[in-house]
Amino acid sequence: MDTTQDILKELAKNKILFITVYTWAITQTLKVLTGVVREKKFNFRWLIGTGGMPSSHAATVSGMATAVGLSVGFDSAMFVVALVFAIIVIFDAQGVRRASGKQAEVLNKMLDDIYWKKHIQEDRLKELLGHTPVEVLVGIASGIIFALLLWRAYYGG
């Protein structure tokens, strides 16, 4: 039976995990830098929050699917599973969560109206939940590019 230390050693050698984690870290760093350039200040929420340019959700799952394809072949069942998973996550990042954000925006306007007319205080809902199509497309492209570059740099081809 493998010990925890043996399992951690095996995980550290996992090419797909390595590329997936590094793709996420690079993209999340780019998201923070983009926010700093745009807003001229640092906001910790950019590091751990949802939304923003580029989509780290889209980049991470695109990078993972690309790494799976490079590792076991783009005609394998494992790549198809990774690709379908990526499509579902990307759809959620752009579609479902974005729609939820728009609903939160409308509800916040209603709360503002109620508050100013009847003096009722309620907590505001988070409006930036999802990504725009451009953020998702840039995330997909960066995920694939980072996975290819990392694969080539570390695994030679």
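Worth pointing out:
- Where Ser56 falls short, out of the listed (1) closer than 18 Å to Ile144 by Cβ; (2) without any contact (Cβ under 8 Å) to a residue 40 or more places away in the chain; (3) not acidic (Asp, Glu): (2)
Quick grid of which residues meet (1) at pLDDT 90 or above; (2) crowded, with 18+ Cβ neighbours inside 10 Å; (3) at positive phi:
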site: Thr3; (1), (2), (3): no, no, no
site: Lys9; (1), (2), (3): no, no, no
site: Lys13; (1), (2), (3): no, no, no
site: Trp24; (1), (2), (3): yes, yes, no
site: Leu30; (1), (2), (3): no, yes, no
site: Gly52; (1), (2), (3): no, yes, yes
site: Ser56; (1), (2), (3): no, yes, no
site: Ser62; (1), (2), (3): yes, yes, no
site: Ala65; (1), (2), (3): yes, yes, no
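- Restricting attention to the range 6-42, the residues that are under 16 Å from Val61 (Cα atoms) and among the β-branched types (Val, Ile, Thr) add up to 7.
The values are calculated or read from the model by the stated rules, or taken from the named source; none is laboratory data. The model shown is predicted, which means the values in this text are computed figures rather than measured ones. Here the Cβ is made from the backbone with ideal geometry for all residues, glycine too, and neighbour counts use every protein chain on show.
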